[in-house]
1. What number results when the radius of gyration of segment 61-127, computed over Cα atoms, is divided by 2.2 N^0.38 Å?
2. Could you point to the residue in F242, M382, F357 farthest towards the positive end of the chain's charge dipole, with +1 and -1 charges on the Cβ of Lys/Arg and Asp/Glu respectively?
3. Relative contact order for segment 141-296: what is it in percent, counting Cα pairs under 8 Å that are at least 6 residues apart?
4. Relative contact order for segment 73-138: what is it in percent, counting Cα pairs under 8 Å that are at least 6 residues apart?
5. Suppose a student asked you for the relative contact order of the chain, using Cα pairs under 8 Å spaced at least 6 residues apart; what percent would you report?
6. Kindly write out, for segment 316-331 in residue order, the coupling ³J(HN,Hα) from the Karplus curve 6.51 cos²θ - 1.76 cosθ + 1.60 (θ = phi - 60°), rounded to whole Hz, with x marking Gly and Pro.
7. Straight-line reach from K294: which aspartates and glutamates fall under 19 Å, measuring Cα to Cα and dropping same-chain residues less than 8 apart?
8. May I ask for the Kirkwood hydrodynamic radius of segment 58-193, worked out over all distinct Cα pairs and given in angstroms to one decimal?
Amino acid sequence: METIAPFIEVIDEIKEAGGDAFQLCFQCGLCDTVCPWNRVRQFSMRKIVREAAFGLTEIEGEDIWRCTTCGTCPSQCPRGLGQIEVSQALRRVATEYEVFPASVKSARSARASVISEGNPLQGERSGRGDWAKDLSVKSFEQGMEVLYFVGCYFSYDPRMKKVAQATANILNTAGVDFGILGENESCCGESIRKIGSEKVFTDLAKTNIKTFIDHGVKKILVSSPHCYHTFKNEYPEFMVNFEVIHMSEYLLELINTGRLILSKEMNQTVTYHDPCYLGRHNNMYDPPRQLLGKVSGLTLSEMADHGKNSLCCGGGGGRIWMDTPREERFSDIRLEQATAAGAKVLVTSCPYCITNFEESRLNLEYEDVLDIKDITEIINDMI
């Protein structure tokens, strides 16, 4: 394999890309112990960090692209290494040299689509608001109560459009004065940043920030934990701060303040999957469960891995745009855990999780065994 740069030069590049924390590692191996990859195949984050410490002069392999940025190993690391930042730094170096394995080709297509159309799903920008054509949804104007930032998956994916439509129905029922940006909305850039395209992320962030400011946006309501994390924790890097609220928090607030009444019952056992970017990355575990607790007749049964120990679906870190063999999908394990918990419905609040769970439901032939629902769909069915 061809060496891409001199030893010391690559070390410097990794540091400049944000990965200088690798020197803190003392090779305890705890990251490998807790990594979800080792439930389906052998993988060593410890090895990647070790190689980075010595320059990592060969970056053409698959391993630097495997990290789902689930946050499990950073939460356990005794040295506070920041494995996600190290992984991201290595991908930035690989992206700079345009060195990608075959499994990452689809991620490159997603990046190209973001650059040309403002979304990674290769949908036309002009069609971003088509999901709302037959609904009472307005364009956002200054003075409105909240901007509903729909997000890419909810705007273009046929399955996830149903969640956006359920959201609009709930907001209208509760009398919320809200609007959307339609074709003026662009990808938040979270997954693009995670696959090493820092400049594309920066351009997206600046575009979105300008759009928010030009429209007088104060409060941003999001359905995706990835949008939530990016707007709340990464956009402040550009010296701006918007009030950002996740849908599960907002729906709970609407119910608690009497603006939304749930009049129906759901006499089923459900289980809740904590998305990595809502749970470990933003410590939001209680609001979704409290929201489900508002549904009469609903019985919540926790899975083996839940809360801080929730098992990643496999879609974070840009993996949602990469090819994963069927036998290596964490989502299959998650569905098995859901059925073991006695649940008839697996509820979550992330488009990547739902997408992976729906694929696993087909792979495992669970169509008649388990339903997959966004928490918004549950609430919409109860009004």
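1. Details: Rg = 14.9 Å, N = 67, 2.2 N^0.38 = 10.9 Å.
Compared with the compact-globule rule of thumb, segment 61-127 sits at 1.37.
2. The residue sitting most towards the positive pole is M382.
3. On the way: 180 pairs, mean separation 35.5, N = 156.
The value is 23 percent.
4. On the way: 27 pairs, mean separation 8.2, N = 66.
Relative contact order comes out at 12 percent.
5. Values: 662 pairs, mean separation 63.0, N = 383.
For the chain, the relative contact order is 16 percent.
6. Working through the residues one at a time gives x, x, x, 5, 4, 9, 10, 7, 10, x, 4, 6, 10, 9, 4, 4 Hz.
7. Straight-distance partners of K294: E249, E253, E265, D274, D286, E302, D374, E377, D381.
8. Values: mean 1/r = 0.0576 Å⁻¹.
One decimal place: 17.3 Å for the Kirkwood radius.
The numbers here are math on the coordinates, done by the rules we state, and not lab data. Only a predicted model underlies this, so the values are computations on that prediction, with no experimental measurement involved. All Cβ positions, even for glycine, are placed from backbone atoms using ideal geometry, and neighbour counts span all protein chains on display.
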